[in-house]
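Since the structure comes first, as structure tokens, the remarks are kept for the end.
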Amino acid sequence: MSSFRFNFLTPDKDTTVPTDLESNPSDVVHKDSCHKPIGLSGGEITPQPAKRLDFTEATLQVLGGTAYDVELVRTGCGTLSCRNVPSGSLSSTSLRQTVENNTDLIPSVYEGGLKTWECSIDLVNYFDSAGISFEGRSVLELGCGTALPGIYALRGGATSVVFQDYNEEVLELVTMPNVVMNVAHAGDDDEGAPLARRCEFWAGDWGELERTWRQQNTRFDVIITSETIYCQSTTSRLYSLVRSALRETGVVYPLIY
């Protein structure tokens, strides 16, 4: 049986997580201020098939040549760019309504990935202040959304980072542009070409992803996730996926408020 360790980071523990954030409060979301989730009773998640999105050198050229409306988010390791997505850019009617109605979460429809959540910045700050190294490691960020922790891992020398979000459109409109803006454009890769080989983007439900990655024998050195749990069913699915996808000597960094 494989074994792993959780490095839980919560305000109640001795771990110090820097909170001197200078981000725009309208774009950084605090969990306590979230709108109540609407949709299915109890927050149950409808299984969503696992799907790997195309991310090639051609994709990089298109994303790298596009000008985006961005919000600059300041962290302990520097300023990161996050794309602002206007409702008109969303093809999904449900996702468009979440932006127009300022709704943070609709279970089985939208899992909050269009906004930068406070915990994601706190996790980046923790990595930086604690000197956590990702050099030469394979990393999975679950429920990535704007993907700041995964981007930090990429810039920190991770050999590969898999970005996962429930919503395919979030990955295409937010996660991918953010990765390109903050990694390829930061001069960490030669013209961005190696970046296409260091990143994967997966959409779908954690249960479906676990089944898919079991079949592929896909496992990671590090799994990170921030502020992704809001009901019992998602907690059990997260735990099951982590047990399945983490290497025996791996480590998990879940930041939960």
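General observations
- Selection of the stretch 29-50 for residues being open to solvent by less than 70 Å² (accessible area, probe 1.4 Å) and either among the hydroxyl-bearing types (Ser, Thr, Tyr) or at pLDDT below 85 (or both) yields Val29, Lys31, Cys34, Pro37, Gly39, Gly42, Gly43, Ile45, Thr46.
- Count of the stretch 212-247 residues, restricted to those that are under 15 Å from the mean Cα position of the chain (by Cα) and over 19 Å from Arg137 (Cβ atoms), is 4.
- Count of residues meeting criterion [assigned to a loop (DSSP other than H, G, I, E, B) and either modelled with pLDDT under 85 or open to solvent by 30 Å² or more (accessible area, probe 1.4 Å) (or both)] in the stretch 51-87: 12
The values are calculated or read from the model by the stated rules, or taken from the named source; none is laboratory data. Because the structure is a prediction, the values reported are computed rather than measured. Every residue, glycine among them, receives a Cβ derived from its backbone with ideal geometry; neighbour counts consider all protein chains shown. We work out accessible area using only protein heavy atoms, side chains counted, and drop any ligands, DNA or RNA first. Shrake-Rupley method; radii C 1.70, N 1.55, O 1.52, S 1.80 Å.
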